[in-house]
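One structure below.
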Amino acid sequence: MMNIYHLYGQTSSVLLKETDSLPEIVYWGRKLSLPIDSNLLGAISRPLGEASLDEDVALTVCPEASDGWFSSPGLEGNRAGKDWCPRFSAKCVLSGHSSLLITAQDKQAQLALEITLHLDESSDVLSMQSSVTNLGELDYSLQRLALTLPLTAQSNELLSLHGRWTKEFQQHRQPLERGIIAQENRRGRTSHQYFPGAVIGEKGFNQQQGEVYGFHLAWSGNHKIQSGVKTDGRRWLQAEELLLSGEISLAKGLRYQTPSLYACYSANGLNQMSANFHKFVRAHILRFPQADKPRPVHLNTWEGIYFDHDPSYIKKMASLAADIGVERFIIDDGWFPGRDHDKAGLGDWYLDTQKYPNGLEEVIDHIQQLGMEFGLWFEPEMVNPDSALYRNNPEWVLGQTGYEQKTGRYQYVLDLQNTEVFDYLLERLDSLLSQYAISYIKWDMNRELVQPSHLGEAAVHRQTKAFYALVDELAKRHPQLEIESCSSGGGRIDYEVLKRSHRFWLSDSNDALERQIMQPAMLYFFPPEVMGSHIGPAHSHTTYRQHSIGFRGLTALVGHMGVELDPVAVDAEQREQFAHYIALHKSLRPLLHSGTFLQLAASDSSWQAYGVQDQQQGEGVYWVVQLTMPDYTLPGALRFTGLDPQAMYSLEVLDKPDFKHIMKQFPTWMESNAAYRGDTLMKLGIQLPIMDPESAMLLKLSQQA
């Protein structure tokens, strides 16, 4: 009898069986009862049709062309044109009920393969990683090493996240019925265009219903994700680092290891999937220097002053920022020599003494005396042609020798694989962090990699690894330092960079309407406390829309809150409005940054609702957002989820727009202090008021003793 390996967590099971090659995942879904049925394999064995191979072909954890797998194999490469079609013999070691180590070898092709699977017992997130080692004398040229997971026959709808600058995390659904659907990112960073993840489930899955599988490849370079349906109906997903031509050549004894693929199964739609991912991230990915420290409210100077730096004026900004409740003050781009615009100065990481004749200390001291932390913007991986660094070291640019390269945002990328470049950047960053009381840096990366070549060879993989190494060494030297990952907004958002950072800048757009589209999608995979979300100016700098302070304030409330503001340039009334939403955020922050995020069903696409719950404390806050003109004269009902059916809940309106011009009579619950049974709130819900487009309301439920 073939060995069966059962991995299980709180709600899911992964079942693998041995084959004459690599193991096959024969089940991944709802948790199976123990002990496993001894006749289980017989129940799910596949028939063999006529006009096909005479033996069954398994969808293994690394499908092999040599076995008759006619879809995408898991491993592709060759050794001088040979050893291109390996077939492995595997051994498996099970640790407890959560981890499986698969070691395999092909003696003829002289390759060793190792695959690890770990199902987190608490969050039910499945981690998968693979490596290949060359055992032969001749170099092995690796083309692909993909991580492969099966899908159920009912998994026939694909949700992917695409975007562009200022419009990240846009949702797109399409049927998964025939052939292969693939996305490729060749931009050298995680990218705005294609988030390295996917959600696949049964047709029509939504926030609260349907079986879904979520996937995220934790990698900040090139990637490829593809999902396919074979002609026999079997479905699968593969995720991999996309390797450029000749990028990985393995000499004898050398090994290539894939990024980690994180995946989870949910029997109850997207909300459970998100809760699983959030729980996993909080437990295993995030590494806050001070675990219990609240996430400080930011003020970032960028949209307030851009490159116009005057220490006296910045100190006035800081004083007023402290008055409205800001806890961390960040000076953005423009503090180093030549940086009066975005066409010069990058790479010259020294203080501009013309702008700061008394040094940076006077500004930092003032900020700290006001009780705030100080942060500073950097873009270490970049260089402007108009800079001392480039004029002295043009060969430090990442590029193909002998070819002209296009600039992007008037800048080039530095070759971090060059030890001189790496050492220079480490020295400059370390020196500034040692000299000044900087507790936080905003690490930006504002362009893609073009001609990513090191010593004439394709080098996105090693450039990405060098970036990780630079951040890791800096964190080792400054263990209390917090880092924000920014890349023209959301161009570098993934779990691997999150292991060495503490916050993402989701988008360069602070337009509240755009943010209301992006933020819920990002929160499928990331908990609210790592999502930078700022109250921008009334007049958006990216879309030129104008929004009320209420809509902007409530939009920013859910994440790691901040403001993009020159508080000197606005009047006292506006500062009071900012202070109101900062205080509201602080009062809710413990719940927002530890609770369970969920999205609620809306009766039509003109509005949306979501919230954060703490079921143990019996409380939750909920956003109702009118995105566009209502589809009907009467809006729908808001039905809650996750409540105790028998418990009584008080319902409170924490913040709302002015409804008086569109309603002469309000829903009764808005003007009463009544309590409602959880069963009523989940099944009947509450009738929503009529709301203007681009407005929001904040509600709170509290369980009564």
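Too long at a 22 Å Cα-Cα cut-off: which of Lys343/Lys442; Lys343/Lys406; Lys664/Lys700? Violating the 22 Å Cα-Cα cut-off are Lys664/Lys700.
Between Asp679 and Ala267, what is the FRET efficiency for a Förster distance of 22 Å, r being their Cβ-Cβ separation, to the nearest 0.05?
Working: r = 22 Å, r/R0 = 1.00.
Between Asp679 and Ala267 the formula returns 0.50.
Of all DSSP beta bridges located in the range 430-572, what percent are antiparallel, nearest 5? Once the DSSP bridges in the range 430-572 are tallied, antiparallel ones form about 25 percent. Where both residues lie in the chain, what percent of DSSP beta bridges are antiparallel, nearest 5? Here the share of antiparallel DSSP bridges comes out near 85 percent. Inter-label distance, Leu351 to Thr231: 7.1 nm, where each label sits 7 Å from its Cα along the C-beta direction. For Arg428, Arg87, Arg409, the ranking by accessible surface with the largest value first comes to Arg409, Arg87, Arg428, using a 1.4 Å probe. In this label model, Ser431 and Thr668 are separated by 7.3 nm, measuring between points 7 Å along each Cα→Cβ vector. Inter-part distance, the range 556-634 to the range 195-259, computed on C-alpha centroids, equals 33 Å.
If r is the Cβ-Cβ distance from Asp423 to Ser312 and R0 is 35 Å, what FRET efficiency results, to the nearest 0.05? Could the numbers behind the result be given before it?
Values: r = 36 Å, r/R0 = 1.04.
FRET efficiency, Asp423 to Ser312: 0.45.
Only one item in [x] 174; [y] 184; [z] 157 matches volume of the Cα convex hull per residue in Å³ derived from the coordinates shown, and that item is [x]. Among Tyr440, Tyr350, Tyr313, the order of accessible area from largest down is Tyr350, Tyr313, Tyr440, computed with a 1.4 Å probe on protein heavy atoms.
For the pair Ala283 and His661, the difference between a 0.36 nm per residue extended length and the Cα-Cα distance amounts to 131.3 nm. For the range 312-464, averaging the sequence separation of C-alpha pairs within contact (under 8 Å, six or more residues apart) and dividing by the residue count gives a relative contact order of 26 percent. With the whole protein complex present, Arg677 retains an accessible surface near 100 Å², based on a 1.4 Å probe.
Exactly which GluC sites (Glu not before Pro) in the range 1-97 are in a DSSP loop and have at most 10 other Cβ atoms within 10 Å? All intermediate terms of the calculation are to be shown ahead of the outcome.
Working: sites: Glu18, Glu24, Glu50, Glu55, Glu64, Glu76; in loops: Glu18, Glu50, Glu55, Glu64.
Answer in residue order: Glu50, Glu55.
Does a label point 7 Å from the Cα of Asp20, set along Cα-to-beta-carbon, have any residues of the range 43-73 with amide nitrogen under 12 Å, and which are they? Residues passing the 12 Å test: 54-58, 67-68. Segment Arg255..Asn78, full-extension length gain: 62.3 nm, with 0.36 nm per residue of separation and the alpha-carbon distance subtracted.
R0 = 51 Å: FRET efficiency of Thr103 with Ser52, Cβ-based, nearest 0.05? It would help to have the intermediate numbers written out before the result.
Values: r = 31 Å, r/R0 = 0.61.
It comes out at approximately 0.95.
Per-residue ellipticity at 222 nm computed for the chain from its helices equals -5500 deg cm²/dmol, with DSSP H segments shorter than 4 residues left out and the rest contributing -39,500 (n - 2.57). Diffusion of the range 349-437 by Stokes-Einstein, at 37 °C in a medium of 0.692 mPa s and with Rh set to the Kirkwood radius over alpha-carbon pairs, works out to 217 µm²/s. Subtracting the Cα-Cα distance of Thr407 and Ala153 from 0.36 nm times their residue separation leaves 86.8 nm of extension gain. The range 307-332 and the range 432-468 have Cα centres separated by 28 Å. Computed with a 1.4 Å probe over protein heavy atoms only, the accessible surface of the chain comes to 40 Å² per residue.
Computed with a 1.4 Å probe over protein heavy atoms only, the accessible area of Lys316 comes to about 120 Å².
Ligands, DNA and RNA left out, the accessible area of the range 283-436 computed with a 1.4 Å probe is 45% carbon and sulfur. For the range 369-390, the residues whose backbone nitrogen is under 19 Å from a point 7 Å from the Cα of Asp342, taken along Cα to Cβ, are 377-387.
Excluding same-chain neighbours fewer than eight residues apart, the lysines reachable from Lys107 by a Cα-Cα span under 24 Å are Lys17, Lys82, Lys91, Lys252. Compactness of the range 365-504 is given as radius of gyration and Dmax, 15.7, 54 Å, from Cα positions.
What ranking of Arg164, Arg178, Arg173 comes out by heavy-atom accessible area, probe 1.4 Å, highest first? All intermediate terms of the calculation are to be shown ahead of the outcome.
On the way: Arg164 130, Arg178 190, Arg173 95 Å².
The ordering from most to least exposed comes out as Arg178, Arg164, Arg173.
The values are calculated or read from the model by the stated rules, or taken from the named source; none is laboratory data. The model shown is predicted, which means the values in this text are computed figures rather than measured ones. Neighbour counts are summed over all protein chains in view; Cβ atoms, including those assigned to glycine, are modelled from backbone coordinates with ideal geometry. The protein model used for the area step is the full one, side chains on, heavy atoms only, and it has no ligands, DNA or RNA in it. Shrake-Rupley method; radii C 1.70, N 1.55, O 1.52, S 1.80 Å.
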